[in-house]
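Trainee: There's a structure below that I have some questions on.
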Amino acid sequence: MKIIRTNSENQDFKNLVKELDAYLKITDEDEHDFYNQFNNINILKHIVLAYVDKIPVGCGAIKKFDNISMELKRMYVSPENRGKGIAQKILLELEVWAKELGYKKCVLETGKRQKEAVTFYHKCNYKVIENYGQYKSMENSICFEKQL
């Protein structure tokens, strides 16, 4: 497996995000349009991609949330590559990058219906926090943070 840092101009990232969005359209149900408005990839400058045998299989991104926090965005591993530790490697690289940029923690939002994601973030030592920003009144949202 190879992990690289890139930006949102990367075509492999764009292709993986299309797969992610198709998946989320199903799991988010009628709330998809609400969530999707906060997932513009053009503003993302810090992208991590995972490759297996030169094939892009996973991605994740960070963006500035506040002066001490980066927000995790667009975490995804293709279904046939899940359970192999790829997401953990992507997440770790994003956390290292955030620390290198001087940030003290990472925050994120995911949907309660994405049960694998919720389990994954718990396993990676993320703690549930009060829903923030646009997610405050969203019943399906669950927010997390981790000190770096």
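The values are calculated or read from the model by the stated rules, or taken from the named source; none is laboratory data. Everything numeric in this text was worked out from a predicted model, so none of it was measured. For neighbour counting, all protein chains shown are included, and Cβ atoms are generated from backbone atoms with ideal geometry for every residue, glycine included.
Trainee: If you take the residues of the stretch 65-77 that are touching a residue at least 12 places away in the same chain (Cβ under 8 Å) and more than 13 Å from E116 (Cβ to Cβ), which of them is surrounded by the fewest Cβ atoms within 10 Å (Cβ to Cβ)? Write out each step before concluding.
Mentor: Just the residues of the stretch 65-77 that are touching a residue at least 12 places away in the same chain (Cβ under 8 Å), to begin with: 65, 68-77.
Cutting the leftovers down to more than 13 Å from E116 (Cβ to Cβ) gives us 65, 68-74.
Numbers: F65: 20, I68: 13, S69: 19, M70: 26, E71: 21, L72: 25, K73: 23, R74: 20.
If we take residues in the stretch 65-77 being touching a residue at least 12 places away in the same chain (Cβ under 8 Å) and more than 13 Å from E116 (Cβ to Cβ), then I68 is surrounded by the fewest Cβ atoms within 10 Å (Cβ to Cβ).
Trainee: Would you please name the residue that is surrounded by the most Cβ atoms within 10 Å (Cβ to Cβ), looking only at residues in the stretch 2-12 that are modelled with pLDDT of 95 or more and touching a helix residue (DSSP H, G or I) at 6+ places or on another chain (Cβ under 7 Å)?
Mentor: Among those residues, the one meeting the criterion is T6.
Trainee: Taking S137 as the residue in question, decide whether it is among the small types (G, A, S), crowded, with 17+ Cβ neighbours inside 10 Å and more than 26 Å from R5 (Cα to Cα). Break it down into steps so the answer makes sense when it comes.
Mentor: On the way: among the small types (G, A, S): yes; crowded, with 17+ Cβ neighbours inside 10 Å: no; more than 26 Å from R5 (Cα to Cα): yes.
For S137, the condition - among the small types (G, A, S), crowded, with 17+ Cβ neighbours inside 10 Å and more than 26 Å from R5 (Cα to Cα) - is not met.
Trainee: Quick one: is C59 at pLDDT 95 or above, in contact with an Asp or Glu (Cβ under 7 Å, 6 or more places away or on another chain) and crowded, with 20+ Cβ neighbours inside 10 Å? First the steps, then the outcome.
Mentor: Numbers: at pLDDT 95 or above: yes; in contact with an Asp or Glu (Cβ under 7 Å, 6 or more places away or on another chain): no; crowded, with 20+ Cβ neighbours inside 10 Å: yes.
Against the criterion (at pLDDT 95 or above, in contact with an Asp or Glu (Cβ under 7 Å, 6 or more places away or on another chain) and crowded, with 20+ Cβ neighbours inside 10 Å), C59 does not qualify.
Trainee: Tell me the residue from V48, V57 that is within 19 Å of E19 (Cα to Cα), outside any helix (DSSP H, G or I), over 13 Å from the mean Cα position of the chain (by Cα) and in contact (Cβ under 8 Å) with a residue 12 or more places away in the chain, please.
Mentor: Details: V48 fails: over 13 Å from the mean Cα position of the chain (by Cα).
The unique qualifying residue is V57.
Trainee: With respect to V128, is the statement that it is part of a strand (DSSP E or B), over 12 Å from the mean Cα position of the chain (by Cα), at negative phi and surrounded by fewer than 15 Cβ atoms within 10 Å (Cβ to Cβ) true? Give the steps one after another, and end with the answer.
Mentor: On the way: part of a strand (DSSP E or B): yes; over 12 Å from the mean Cα position of the chain (by Cα): yes; at negative phi: yes; surrounded by fewer than 15 Cβ atoms within 10 Å (Cβ to Cβ): yes.
Spelling it out, V128 is indeed part of a strand (DSSP E or B), over 12 Å from the mean Cα position of the chain (by Cα), at negative phi and surrounded by fewer than 15 Cβ atoms within 10 Å (Cβ to Cβ).
Trainee: Among the residues of the stretch 88-122, count how many are of a type in the set (K, R) and over 18 Å from S141 (Cα atoms).
Mentor: So in the stretch 88-122, the residues of a type in the set (K, R) come out as 89, 99, 104-105, 112-113, 115.
Pick out the ones that are also over 18 Å from S141 (Cα atoms) and you get 89, 99, 104-105.
Total satisfying the criteria: 4.
Trainee: Now for a separate question. If only one of Y103, Y121 is surrounded by 17 or more Cβ atoms within 10 Å (Cβ to Cβ) and more than 15 Å from the chain's Cα centre (by Cα), which one is it?
Mentor: Numbers: Y121 fails: more than 15 Å from the chain's Cα centre (by Cα).
Going through Y103, Y121 in turn, just one is surrounded by 17 or more Cβ atoms within 10 Å (Cβ to Cβ) and more than 15 Å from the chain's Cα centre (by Cα): Y103.
Trainee: For the stretch 65-89, name all the residues that are under 13 Å from the mean Cα position of the chain (by Cα), on the phi < 0 side of the Ramachandran plot and assigned to a strand (DSSP E or B).
Mentor: M70, E71, L72, K73, M75, Y76, V77
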